[in-house]
Structure formats: structure tokens, C-alpha cells
Amino acid sequence: MGRAGTGTGTGGAAVAVAGPLLLLLLARPPPAAAGDSRKSDVRLVSEHFSQSPQKLSFYSWYGSARLFRFRVPPDTVLLRWLLQVSRGSGPACASVEITVYFRYGAPPVINPLGTSFPANSSVQSPFFIKMLDSNASLNISHPAPGDWFVVAHLPTASQKIEVKGFVPTCAYVFQPDMLVVRTVEVSILEPDVPLPQTLLSHPSYLKIFIPEYTQELQLELQGCAANGSLGCPVRLTVGAATLPRNFQKVFMCVSPTGACRLLLPSPPWDRWLQVTAKSLAGPRVLVAFQVVAALTACRPWNLNFQHLPQSSLNESCNASTGLLPPHPGDHSDHGLGGSSRRHGGPCCLASYPVIREDLDVVSVRFWPVDRVWVRVRPATPSVMRLYMDTGMDSGGSLTVSLRANKTGITNSTLVAVCVNAASPFLGFRTSLNCTTAFFQGSPLTLSAASHKADLIIPYPETDNWYLSLQLMCPESPEECEQASVLVETTLTLVPCLNDCGPYGQCVLLRRHSYLYAGCSCKAGWRGWSCTDNSTAQTVAQQRVAALLLTLSNLMFLAPIAVSVHRSLLVEASVYAYTMFFSTFYHACDQPGEAVLCILGYDTLQYCDFLGSGVSIWVTILCMARLKAAQKHVLFLLGTLIFAMSLQLDRRGAWNMMGPCLFAFVVMVTMWVYRCGRRRHCYPTSWQRWAFYLLPGISMAALGIAIYTSMMTSDNYYYTHSLWHVLLAGSAACLLPPREEHTTPWACSQKLTCHYQICKNHREDLYTVT
């Protein structure tokens, strides 16, 4: 479901419409009874839930979206979301469109970039609304109890790489609040027991427990009359509302003749089912009726640890009538195993026990007990239940891989497969659409032409999932009477599919105690699992980019040579350090195949940033021509300050610009001092200005302009390589000339003396006594 509405103006509200059960209630109290606005329903109580706000980010991958998790209590009749957005007051704070997604049972599967999903993925279109930086609300009638997720993000991020702290930014803070109205008086509807109801102005709230192995649920209205007249102006709503898909059943019985029934195949097992009855007559019109519920049992054939022959299924199913679990806390004859159950006949499914093996966070493996293969027969579906109702399994991807035995399947047979939540699909003989009462499953087929089938479900709902398989013979049913096929099942829950591949990184995200995973892609690859190569770089482009970013650091050989030539050994060692770690950091920073990491990525990045900052620091202080002791003290203090600031915030612009500006002030102060003392411009030589200082300053200014305002994700490999060249070139030009009393390459000449490193330019006379 797509865009639902937009909020405009200050204090405006977003109008969201999603079917007849999504009501727009902007700012009014819980709804009063129909036809009696002066009196409220005393059976309803309201509760308020809130979470701490989060700062929104521009969308680039799933980790840039902000996730909120709420738990809706049972017997809720109205759910109201209050969405609040606040922004800063700076000049960069403009009105932007915010997208908010809603989903029941699992985080929403979103795709703002329009990328492709992996093959064989089952993805539902998300339900979302778009709003400006104002307040909005969204109301849902009769929501499903359990986990509800809200995800919000700003528009798609731009490709420009902005330096943190250099460009003004704006903070957009998002906070959703959840208000629920639930009923404290609910009538229990028992199987085959008529429940009288009277409607005047308030609706009637009912619920019925659906035990495990229930095949069908039938609801019927009997003896319905309105003020003694014929007809039944009653609307019955069965089930709870979910998003993005809503499978609530609504039926009305206005005809004065005929039965009024609703048949629900495969209702959700082992839970309460909500039923709401509302009068369609006018105010002060009394409507009386009876509700009767009938449950049809589905007696399973449990395959424990023994391997039974082909004929034992029919023999065990026809030998006796099995009993189903009774109503919880009810041991009377009205339970599922009592005499009121209809058609407790032969088996309707073969249940295969499944072992759940927890491997890691959001990582689970399911496999049948004491066997690898599952035998699929034509008589009844073979069902496997996957226990995924822990509340922590919805943050990964459910993968189903099936492989049929080639010798058991023929050209005229096929294996129909359905993957459903809440209850299994059992109606293979009538339809292959995998639709149960309140869920649309995912169909798969195995045939002689295709022995394998795969299915990927990103962020599966928190519930028990069921894998149903049955052998079908569409052309000649008589061939299926004694046939059977062995199917190998591989069922896993993984954080990221294939660990996001070679061009992505699987990142484990957290919101409070809830964990979920997402893929961060590189080298132009995109998509849910980094499988969309529409904008991907080729291997040749990756290698060219790696060579540009690494070999451009060889430009630092120029300032190293100049420093050694002018006896600036400390400066030369700093440039060598920068060249080494910048080269190997960018060799490790590459995605895909062109990668070389000699140390940890974080260590290389830290050393690269530290070397770049210290290189600028020592170059500017060297230009100040301080005394040796003062210069080396400042060298050491500046290095320590850079090390501390980069540890606090590695990407902050002022962490590098602050010390460099201080060094620039020291340099300007010393130059002005020398100008005033000598009464002549410093440096004094026009050749020094024309051939060294002005080119060096121009390269430094151009490098800073490229680094701060011209880099994007597309041109990063070229602009950042140019930044390396300009930084090294400016350092080589800006280094001051050697002292008058030193000769070129003096350090290398002194190393031949073996016993003397430094030359004395004055004699110290001592008196020996």
C-alpha cells in the first residue's frame, strides 16, 4: 500500500486512509456510542505508551532509518498513533518530507531507493504515510495484539560527501506516541453454544479461542430481529487489523430470509479471535440475535521418531478418532476434544516434529527430528511447524530451500508447497493460492522440470510459521494413490542473506533490547542484500580506484626529499608516516576484490587521519622558523592534541582545523615580528614568493576546497586522489629553505663520520684544573 496522506502547515495532520477500518480521528476523545454522543462506553479504558525520540537521518540504507517497537495489549478496539516532529531553528532547517512506515509483527520492509530484491524473495508493499515537519495522527480500529513497528526517515541522502562540522546541518527529531482504547468486558464465545446478544447503541465485543489443529471455523447469526421486525441489520467484524495487509472479515446479514454464515478455513491456531458485532439500524433501535460458532477438528498424524511404511498413514488415521486439545482451562464437553466437535474423522495432515537450533543472534536452524527428508503423500499435507514466536526472530530473513528426490517425482506429478504464518494451508485439493483465513502465504512447486525451489522472506512476522507440502497429480489423479516423494528441507533464519555478499557488510542494529540486521553495500552495489548491480562498479573500475587512492600517496616522496635535503629530519619522518598509512588505509578501504589490509581497518584509519593532521601542523610551524627547542616542543604538543581530538571525534572538521589555525597564527606572528624587526617584508626574496609560497598556497587552497565541497560518492576516487597530490605538493613548496650554515644533504654526509653526528660552529673553551 502506498502513500496515504500528507500533512501541511504548522500543526497540520496527515490524512491516512487504508480501507474501512482505518479511521481519521485527529483530536477527539475515544469514540462515543453510535446514536448517543452524550454517553461514553464504560467498558472502554484508554492507555498511553511513549518512547524516547530519535534524530532522523537522510536515507541511504536501512541503518539510516529510525525504528520504534510498540506492544499493543489484547482486546484493543482502537489504536491511535500520534506522530510528532520537531526541527532546529537554524538557517539550514528547511521543511522536508518525512516518510513513516507501519507494520505488524516485524519491521517494515522498505525500499525508498527503488532497488531490486534477491531472487525468490517474498516482499509485501509497505504501508506508509508522508508528512512534513509537523504533527500527524493515524488511527486503526481493532488492531492485532502484539508487536507493532514504526520506521521513519528523511528523503534520500545526496551523493555529496560533507565534512562534519564544516557545513551547517539541521536536526529533525521524531517521536511517535501510541494511544490505545481497549475493552475490559468481552463475551466468551464457546463452540456450539448459542450466545444471545442485544445491540442498541454500543457494539458488542466477543472472542473465541481457536485451539491447535482447527481446520475450519463457522460463525452463524440466528434469530436476528430488529424491534420485532424481520431482517438482521448487524455487521460482524471477525479478526484483527494488521498492516501492510488487512485480512479482517466483515459480513452483514440484512436479508430477512436465509442463513447468515461465515466460513473461515484454517483460522489462526492457539489464540483468541476477536469478533465485533455492530448494529446497522438507526438510533434507539433494538437488535437481538444469537451467535453460534462451530469448529471443525483436524486430527493430525504425528510422526515422532519411527519410520513408518507408506500404508501406515491411512491405517493409523482410520483406526480411531483422535482428540484435539481442549479449551484452555475448560475440561467440559465444549472443548475441541469433546462431543460437540464436528467431523472428528480421518487425519487431515501429517505433522513432522521440528527441532529449533539457535546458532547465534537472529540465527536459527530448523530440521526434522531424526530425518533429513520429509515424505510427501497425496492423501494429506505434510506439515512442519517453525517456532518463530520468541519476539526476537523477526529481525532477520527466513530462507526455505527445498529439493525433491528425482527418482520419486514424474512428469505427471508435482509437489505443491505453501509457507504460512499462524496456521498451515490445508486446502490443496481445492486451490493452490496458499490463502488461509487471515494470511496470504507464499506458494512454491516442485516438479520433474524443477527439482529445487527457494524462498526468502525478509523480516518474517513474529508467529509460528508452517511449511505445508502435498503431492498433486493434476492430469491423472489415479497415479497419486500409491505415490510418494521425498523432499529435502533446509530451513534457516539468518541475519543477512549470504552475509550481504562480497560487496556488502552485514550490520547488526539495535533499538533498546530489539536486534535486527541490515546490509551496508559498497562499490555501487545496492539492494536489500547488495545484489542490485545496476549502478555497480566493474572489477576494472575498482582496481583503477584502488590504484589512484594508493599510488597518489607517492607524491609525498617530494616533501620527504626536500626535507632531507634541507636537514628537516622530523618533518621528513612525519611525511613518511603519512604516506605509509594513507597508502595502506586506502588499500584496505576498498570494497570487493581490490582489498589489502595489513592491520585492522580502524587502526589504519586512525593512523591516516593522525598523519594528515600532523603533516599540516609541522609544515606550518616549520614555516614559522622558530628556534629548534620551541619548534620541537610544539611538534610534540600538537601531535598529542591531534591524537586526543581524533579519538573524541575522528570526522569532526574542527578537530583538525583548530590546531592548524593555531599553528597558522604562530606563523603569521613570527613573520610580522620579523617584518617589524627588519623593516622589510618577510620572506624577503621575490623568487621565494613567486616560485614557492604562492604555488604552495594555491595548491593548499585548492585542496581544501576539493576536500570540503567537491567530493561526492561518485567522484571520490578522483577528487580524494587529487587531494593527496595537492597536500603533498603544497608541503614540498611551503617548506622553508635550509639554514645558511648547513649544506645540502648535510645529514647524509655526517653519517660517514661514525662518531660525530652534529657539527659545532663555535668552540667552547674550558679551563682544566
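Only the coordinates and a few stated rules stand behind these numbers; no lab work does. Bear in mind that the values here come from a model prediction, so they are computed numbers and not experimental data. Methodologically, a virtual Cβ is constructed for each residue, glycine included, from the backbone with ideal geometry; neighbour enumeration extends over all protein chains shown.
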Could you state the number of Å between the C-alpha centres of the range 484-502 and the range 150-180?
35
How many angstrom lie between the C-alpha centres of the range 96-146 and the range 613-692?
53
Here are some pairs, Lys130/Lys164; Lys130/Lys160; Lys249/Lys452; Lys406/Lys522; Lys164/Lys522; Lys130/Lys278; which of them have Cα atoms lying more than 30 Å apart in this structure?
Lys249/Lys452; Lys406/Lys522; Lys130/Lys278
Give the long-range amide H neighbours of Ile98: residues separated by 5 or more places, or on another chain, with amide H under 5 Å away, using H modelled in the peptide plane at 1.01 Å from N.
Met131, Leu132
Taking 240-248, 457-465 and ranking on average Cβ neighbours within 10 Å, highest first, one gets 457-465, 240-248
Sorted on mean Cβ neighbours within 10 Å (highest first), peptides 543-550, 607-614, 111-118 come out as 607-614, 543-550, 111-118
By the C-alpha gyration tensor axes a ≥ b ≥ c (rounded if a/c is under 1.5, else prolate when a/b exceeds b/c, else oblate), the shape of the range 504-595 is oblate
Using per-residue counts of other Cβ atoms within 10 Å, averaged over each peptide, order 213-219, 82-88 from highest down.
213-219, 82-88
What distance in nm lies between label points placed 7 Å from Cα along the C-beta direction at Ser476 and Leu648?
8.3
Can you run phi through the Karplus equation (6.51, -1.76, 1.60; θ = phi - 60°) for the range 196-204 and list ³J(HN,Hα) in whole Hz, with x for Gly and Pro?
x, 9, 10, 10, 10, 10, 9, x, 10
Full-extension gain between Val42 and Thr407, please, as 0.36 nm times their residue separation minus the C-alpha to C-alpha distance.
124.8 nm
What trypsin sites (Lys or Arg not before Pro) in the range 560-657 are in a loop by DSSP, with at most 10 other Cβ atoms within 10 Å of the Cβ?
Lys627
Projected area of the range 79-193, taken from the Cα convex hull and averaged over every viewing direction, in nm²?
11.9
